[in-house]
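**Student:** The structure is given below, and queries will be raised subsequently.
The values are calculated or read from the model by the stated rules, or taken from the named source; none is laboratory data. Everything quoted here is computed from the prediction, not taken from an experiment. Every residue, glycine among them, receives a Cβ derived from its backbone with ideal geometry; neighbour counts consider all protein chains shown. Just the protein is used for accessible areas: all its heavy atoms, side chains included, with ligands, DNA and RNA removed. Shrake-Rupley method; radii C 1.70, N 1.55, O 1.52, S 1.80 Å.
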Amino acid sequence: SSAASDVYKRQLKALPAQANSAARRVLGCLMTGVSHYREVIHRTALLVLCREVFGSPTLSLERKGDFFLLLHKKLLTILSEPRGEDLTFFSQAAMLNHLYRFLVQYEVQVGPFAFPPPKPAAFFPGTFDPFSVGHKQIVQEIRARGFEVYLAVDEFSWSKKTLPKLLRRRIVSISVADQWDTYLFPDDIPVNIAMPDDLSRLQSLFAGRELYLVAGSDVIANASAYKSHEPGTAADYNHIIFCRDGSADHAALSAAIRGKLLLLALPPFYETVSSTRIRASVDKNLSLIHISEP
């Protein structure tokens, strides 16, 4: 019938989009494995990605090129994180050889990669102890507005009994491995937003791109970095500010920030997820099932 034919045509048109969505989910799972703290999982996931995907004789070069454009930067940042076993080093070298062969073949047979123009950068510093579903939702909200998100894990906090920094970085890395356009900021480039020189260096790293600092409304109200009126301080930079409970004074925030300002809010469920409450419950050996309830 005509109606059945129309349904079939709509489903046929939707197939490429569905295939792309499925491929992104599968690649996200592989990237989660590549970022895993267990060496054997890391090596196996990297083997599948480099040998079975980029070395596949059945996938077209164009299809593999699309995959590479999607994950190349994330793969680079994940492999830059320190690993402990010598076997992992040699395994990475062998697997990256498969990736190198694909890159050479693609550029010879297809041509240079058509990298998209860089997106505005959102610099998101925090203790992330632990990295919660609320943090992940913030990342997704920012990405949905066309940003690349860079997560900078703080060294320590005077007011919190934090886990070791490298452990927190691993937790963050696994948590966002399947989130495209989301990266760990390099550990060897410390940035203190209270120091104008650090902020100037951060801006120079994103030359030619808009840079936004990500913070909660409570940080703007209380942090010393926003008390100074001298030029070059944090208040001079563009900001993405999350208002947790809707009680933030928007007029006061607009007055405090001299750069561009983007105000965002989380859905009610995520607003109640607090790293502080998670830490307190873990310290007391309590269940985390109801941690999001007020």
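**Student:** Spot the failing condition for TYR150; the list is (1) touching a helix residue (DSSP H, G or I) at 6+ places or on another chain (Cβ under 8 Å); (2) closer than 16 Å to LEU76 by Cβ; (3) surrounded by 21 or more Cβ atoms within 10 Å (Cβ to Cβ), and only one is missed.
**Tutor:** Among (1) touching a helix residue (DSSP H, G or I) at 6+ places or on another chain (Cβ under 8 Å); (2) closer than 16 Å to LEU76 by Cβ; (3) surrounded by 21 or more Cβ atoms within 10 Å (Cβ to Cβ), TYR150 violates only (1).
**Student:** In addition: Among what's in region 187-207 and is over 20 Å from the mean Cα position of the chain (by Cα) and among the acidic types (Asp, Glu), pick the residue that is most open to solvent (accessible area, probe 1.4 Å).
**Tutor:** ASP197
**Student:** Collect the residues in region 249-268 that are over 14 Å from VAL139 (Cα atoms), of a type in the set (A, V, I, L, M) and outside any strand (DSSP E or B), keeping them in residue-number order.
**Tutor:** Correct list: ALA251, ALA252, LEU253, ALA255, ALA256, ILE257.
**Student:** Still on this structure, please answer the following. Give just the number: which of (1) more than 27 Å from ARG201 (Cα to Cα); (2) modelled with pLDDT under 80 does ALA265 not satisfy?
**Tutor:** (2)
**Student:** crowded, with 18+ Cβ neighbours inside 10 Å, at pLDDT 95 or above and either within 22 Å of TYR106 (Cα to Cα) or in contact with a Lys or Arg (Cβ under 6 Å, 6 or more places away or on another chain) (or both): which single residue out of LEU27, LEU49 fits that description?
**Tutor:** Sole residue among the options that is crowded, with 18+ Cβ neighbours inside 10 Å, at pLDDT 95 or above and either within 22 Å of TYR106 (Cα to Cα) or in contact with a Lys or Arg (Cβ under 6 Å, 6 or more places away or on another chain) (or both): LEU49.
**Student:** Pull out all pairs, ordered by first then second residue, where Cβ-Cβ is under 6 Å, the residues are six or more apart or on different chains, the first lies in region 176-203 and is farther than 22 Å from PRO231 by Cβ, and the second is in a helix (DSSP H, G or I) and hydroxyl-bearing (Ser, Thr, Tyr).
**Tutor:** ALA177/THR32; ASP178/THR32; TYR183/THR77; LEU184/THR77; LEU184/SER173
**Student:** Take region 157-175 and flag every residue that is open to solvent by 50 Å² or more (accessible area, probe 1.4 Å) and touching a residue at least 40 places away in the same chain (Cβ under 8 Å).
**Tutor:** Listed by number, the residues that qualify are LYS160, LYS161, LEU166, ARG170, ILE171.
**Student:** Another one. Please determine, by comparing only the residues of region 100-132 that are more than 28 Å from the chain's Cα centre (by Cα) and in a loop (DSSP other than H, G, I, E, B), which one is surrounded by the most Cβ atoms within 10 Å (Cβ to Cβ).
**Tutor:** Out of the qualifying residues, it is VAL110.
**Student:** When you go through GLY111, GLY146 one by one, which is the residue that is free of Cβ contacts under 8 Å to residues at least 12 places away in the same chain and at positive phi?
**Tutor:** The match here is GLY111.
Listed here are the residues, each with its yes/no results for (1) more than 30 Å from PHE68 (Cα to Cα); (2) in contact with a Pro (Cβ under 9 Å, 6 or more places away or on another chain); (3) not aromatic (Phe, Trp, Tyr).
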| position | (1), (2), (3) |
| --- | --- |
| LEU163 | yes, yes, yes |
| THR182 | no, no, yes |
| PHE185 | no, yes, no |
| ASP188 | no, no, yes |
| ALA194 | yes, no, yes |
| SER200 | yes, no, yes |
| ALA223 | yes, no, yes |
| LEU253 | yes, no, yes |
| ILE257 | yes, no, yes |
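**Student:** Looking only at residues in region 208-235 that are open to solvent by 60 Å² or more (accessible area, probe 1.4 Å) and not hydroxyl-bearing (Ser, Thr, Tyr), which one is modelled with the highest pLDDT?
**Tutor:** The residue in question is GLU210.
**Student:** I'd like to know if region 68-86 contains one or more residues that are over 18 Å from GLY33 (Cα atoms), in a helix (DSSP H, G or I) and open to solvent by less than 60 Å² (accessible area, probe 1.4 Å).
**Tutor:** yes
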